[in-house]
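Asks: Starting off with a structure, shown below.
The values are calculated or read from the model by the stated rules, or taken from the named source; none is laboratory data. Note that the structure is a prediction, hence the values are computed from the model and not measured. Here the Cβ positions follow ideal geometry from the backbone for every residue, glycine too, while neighbour counts run over all protein chains shown. We work out accessible area using only protein heavy atoms, side chains counted, and drop any ligands, DNA or RNA first. Shrake-Rupley method; radii C 1.70, N 1.55, O 1.52, S 1.80 Å.
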Amino acid sequence: MFLVLSFVYSSLRICLPDIGQKSGTAIALVALFVILWTRSSLRTSTIFSCLLGVVFVQLVSWMAGYFHHPDWLPDNPELDRLGKWFLFVGVAFWLGGMRRNAEALLLFALLGFLAACFLFQGAPDEWLRGLKGQRVDLGIRNAQHTSMFFGVAVLGLLCFSRRFFLTGNRPWVMGPIWIIFFCICLLGVLVSQTRAVWLSLVVTLLLSIAVFLIAVFTGRVSRSLKRQGVIVLLCVLVVSGTGGVAFKDTLGQRLAAENSEIENAWHGKWEEIPYSSIGNRLHTWRAGLEWFSERPIVGWGGEGRGLVIDHTDWLPQSVKDQYGHLHNTLLDFVVSYGLLGLSVIIVLVIWTGLGSWKAWRAGVMPPEVFAFGWTFFVYYFIVSLFESYSFFWTGSYIQNVVMGVVVTFIWRWQLETGRSVFSFRKRLTS
C-alpha cells in the first residue's frame, strides 16, 4: 500500500498537488515510525542524524533570533520548513532497494509531469505561443520552475536511455517512445526560456560526455556500451541541433539580453543596474550577502530571506511587493540558518555522494541510477544558484524523488554488506 502511495506522490504531486503532498507526508511519517519502532538498523543511518541536525539548527536559529529580533520572528520555529526536504526517507524505504520500483517511480514522475503540462486549461494555445517564440510556463508556478523540471527530465531520459532501447525484446516499441519523450522535454526546455537551465544543461552534458570519453579511452566500458553511447550522443546532437536552428532567434535574444547588467555589477556600478530579470537577482544577492555577514553562524531564522527583502532600505517597493526570496537557494539557506545549518547539509551531500559511489562499485546501485544521481546534483546545484527552488514545493518535490531513488540503493548496500558509508561509524546489521 505504501509503495503505491509512493507512486501516487511521484505522479500526482504536480498535477494534483493536494493528493500528492498528503501521500508524500504519509509515506515519510509511516516509514519513520516503522524504522524507529522496529529498531531497524537503518535508524543509525547518517540521514537521521542529519534530520535531527536540521531540527536542532532551526530551533537554535529561532531561539537566537528571539533574543535578537523577536518582532520579526514567527510564534514557533516552523520545523517543517526543512523537514519537507526529508520526505525522501519514505520514498527510499518503501522502494526497498528494488530496481523495478525505482524505475517505476521515475516513470510515474515523468508521466505525471507531462500530464500536468498538457492537460491544464488552455494547454494547446500556450504550447502554440511557445512555438512562436513567447515564454510560457505551461500551468506550473512560473517558467523557471517548469524549465527546471524539463531539464531534469532530459537528464533522466539520457541516463536511462539504455533501459528503453534494451527493454526485453521490444526496442522497436520503447525506442520510439523514448524519442518522443525526449523531444517533448527538450522542446519544453526551449519554450520555457530559462537561461540558467540552458547553462546548467550544457555544463552537465559536457561534463558527462567528458567522463564517458575518459572511460572509453581507459577501457572501462564494454564495446556494446560504447556503441550505445555513440548512438545516444548522435540522437542528442541531431535533436538539439534541430531545436537550436528552429529557435535560433529566441535563443539569441535571451542569451544576449542584459549582458550590460552583469558587467556593471562586476565593476561595482550598482546604481546603473536596473531592476530587470538579472538586475533583480544581482540586487537581492547583494542585499542577502550584507545580511549574512551580520549573522553568519546561526542566520536570521526561517523567515530570513523575507526579512532581507522587506527590511533592506535601498530595495525599491516594487521588489518588496513582488518577491520574498533571494533567487539563490544557497544564499537563502545561509541567510536563514547560517553556516551551522549549511554544515548539516554538507554532511548529507557528502554521505549521499560517497554512498552512491560505494553502492555502485559494489554492483548494488544500477549504473543508470548512479549516473542520474550525479548529473542531477551538478545540474540542480547550478540552477539553484539563480533561483530559490528548494524553498518552493517544486524544488523539495524533485529533491525527494531523486534522493529517494538514490538512497534506497545506498541503504540496500549498507544492509547487504553490514558496512557504513563513513568508515568510522558503527557497522550495520541486516
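Asks: Of all residues being touching a residue at least 60 places away in the same chain (Cβ under 8 Å) and open to solvent by 60 Å² or more (accessible area, probe 1.4 Å) in segment 180-211, which is nearest to the chain's Cα centre (by Cα)? Just the residue, please.
Replies: So the residue we want is 199.
Asks: Out of 115, 104, report the one residue that is among the aliphatic types (A, V, I, L, M), open to solvent by 10 Å² or more (accessible area, probe 1.4 Å) and in contact with a helix residue (DSSP H, G or I) (Cβ under 7 Å, 6 or more places away or on another chain). Break it down into steps so the answer makes sense when it comes.
Replies: Numbers: 115 fails: in contact with a helix residue (DSSP H, G or I) (Cβ under 7 Å, 6 or more places away or on another chain).
Exactly one residue qualifies, and that residue is 104.
Asks: Okay, next question. Just to verify a result, which residue in segment 316-337, among those that are among the charged types (D, E, K, R) and in contact with a helix residue (DSSP H, G or I) (Cβ under 7 Å, 6 or more places away or on another chain), is most open to solvent (accessible area, probe 1.4 Å)?
Replies: Within segment 316-337, the subset among the charged types (D, E, K, R) is 320-321, 332.
Add one more test, that the residue is in contact with a helix residue (DSSP H, G or I) (Cβ under 7 Å, 6 or more places away or on another chain), and what stays is 320, 332.
On the way: 320: 42, 332: 0 Å².
Of everything passing the filter in segment 316-337, 320 is most open to solvent (accessible area, probe 1.4 Å).
Conditions tested, residue by residue: (1) open to solvent by less than 20 Å² (accessible area, probe 1.4 Å); (2) farther than 25 Å from residue 163 by Cβ.
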{"site": "12", "(1), (2)": "no, no"}
{"site": "54", "(1), (2)": "yes, yes"}
{"site": "59", "(1), (2)": "no, yes"}
{"site": "64", "(1), (2)": "no, yes"}
{"site": "98", "(1), (2)": "no, no"}
{"site": "109", "(1), (2)": "yes, no"}
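Asks: Tell me which residues, restricted to segment 55-97, are touching a residue at least 12 places away in the same chain (Cβ under 8 Å), under 20 Å from residue 30 (Cβ atoms) and over 18 Å from the mean Cα position of the chain (by Cα).
Replies: 55, 79, 93, 94, 95, 96, 97
Asks: If you take the residues in segment 290-309 that are in a loop (DSSP other than H, G, I, E, B) and among the charged types (D, E, K, R), which one is least open to solvent (accessible area, probe 1.4 Å)?
Replies: At the first step, the residues of segment 290-309 found to be in a loop (DSSP other than H, G, I, E, B) are 295-303.
Then keep just the ones that are among the charged types (D, E, K, R); that gives 295, 303.
Working: 295: 36, 303: 61 Å².
Looking at residues that are in a loop (DSSP other than H, G, I, E, B) and among the charged types (D, E, K, R), I get 295.
Asks: Could we say that residue 34 is modelled with pLDDT of 95 or more and among the β-branched types (Val, Ile, Thr) here?
Replies: Numbers: modelled with pLDDT of 95 or more: no; among the β-branched types (Val, Ile, Thr): yes.
So residue 34 fails the test.
Condition check ((1) among the β-branched types (Val, Ile, Thr); (2) touching a Leu at 6+ places or on another chain (Cβ under 9 Å)) across all residues:
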| position | (1), (2) |
| --- | --- |
| 149 | no, no |
| 153 | no, yes |
| 163 | no, no |
| 187 | no, yes |
| 192 | no, yes |
| 204 | yes, yes |
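Asks: Among the candidates 174, 148, single out the residue that is out of contact with any Pro (no Cβ under 7 Å at 6 or more places or on another chain) and either part of a loop (DSSP other than H, G, I, E, B) or under 15 Å from residue 107 (Cβ atoms) (or both).
Replies: Values: 148 fails: either part of a loop (DSSP other than H, G, I, E, B) or under 15 Å from residue 107 (Cβ atoms) (or both).
Just one listed residue meets the conditions, 174.
Asks: I would also like to ask the following. For the list (1) open to solvent by 70 Å² or more (accessible area, probe 1.4 Å); (2) closer than 30 Å to residue 300 by Cα; (3) modelled with pLDDT of 90 or more, I need the number of the one condition that residue 72 fails.
Replies: Unmet condition: (3).
Asks: Next question. Could you please give the count of residues in segment 345-365 that are more than 11 Å from residue 407 (Cα to Cα) and outside any helix (DSSP H, G or I)?
Replies: Number satisfying all stated conditions: 3.
Asks: Additional query: Determine, yes or no, whether residue 395 is farther than 30 Å from residue 323 by Cα and either touching a Phe, Trp or Tyr at 6+ places or on another chain (Cβ under 9 Å) or open to solvent by 10 Å² or more (accessible area, probe 1.4 Å) (or both).
Replies: Details: farther than 30 Å from residue 323 by Cα: no; either touching a Phe, Trp or Tyr at 6+ places or on another chain (Cβ under 9 Å) or open to solvent by 10 Å² or more (accessible area, probe 1.4 Å) (or both): yes.
No: the conditions fail for residue 395.
Asks: Any residue at all in segment 27-43 that's closer than 22 Å to residue 394 by Cα and either without any contact (Cβ under 8 Å) to a residue 40 or more places away in the chain or open to solvent by less than 50 Å² (accessible area, probe 1.4 Å) (or both)? I'd like the intermediate steps shown before the answer.
Replies: Taking segment 27-43 as the starting set, the residues that turn out to be closer than 22 Å to residue 394 by Cα are 27-29.
Now narrow it down to the ones that are either without any contact (Cβ under 8 Å) to a residue 40 or more places away in the chain or open to solvent by less than 50 Å² (accessible area, probe 1.4 Å) (or both): 27-28.
Looking through segment 27-43, at least one residue is closer than 22 Å to residue 394 by Cα and either without any contact (Cβ under 8 Å) to a residue 40 or more places away in the chain or open to solvent by less than 50 Å² (accessible area, probe 1.4 Å) (or both).
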